[in-house]
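In what follows, a single structure is set out as structure tokens and then discussed.
The values are calculated or read from the model by the stated rules, or taken from the named source; none is laboratory data. This one's a predicted model, so the numbers in the text were calculated from it and none came from an experiment. With ligands, DNA and RNA removed, areas are computed over all heavy atoms of the protein, side chains included. Shrake-Rupley method; radii C 1.70, N 1.55, O 1.52, S 1.80 Å.
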Amino acid sequence: MKLIKKTLIILLVCIFNLSAFARQIKIEKQKYKKRSISFIPIMADIDDNNRTLNLLFMEKMGDIWVEISNENDHVVFAGMVETDLSAGVVISLPDSTECGYQLFIMMPNGTEYSSKFELY
């Protein structure tokens, strides 16, 4: 079972990395307290041509809250994502003139991650 799970994760990582037009965005842990550097269990790629954000979960984390807002703080996506059922999710972004976005992720334990990215 573990072999199947690892194979699936490796396959998904390869699929996300082989996209000719995708670029990876950096997700950072919110720093409210001083802590040591830790592993961030989420990878994110943005596909400018399809206007999609691809999130890949490196481990099962339960239900996480994902929110994406544009430069004007207008929420374009908000919802719970079940990481136990899927190793990844593709989020479509609206066709608009706004090019700057903020990604916010909250884990079940209260840990917060965020990233800023732009579409070209």
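Counting protein heavy atoms only, the range 52-120 has 49 percent of its accessible area on carbon and sulfur, 1.4 angstrom probe. Using every pair of distinct Cα positions in the range 50-111, the Kirkwood expression returns a hydrodynamic radius of 12.4 angstrom. Ranked by solvent-accessible area (1.4 Å probe, protein heavy atoms only, all chains present), the residues L55, L85 order from largest to smallest as L85, L55.
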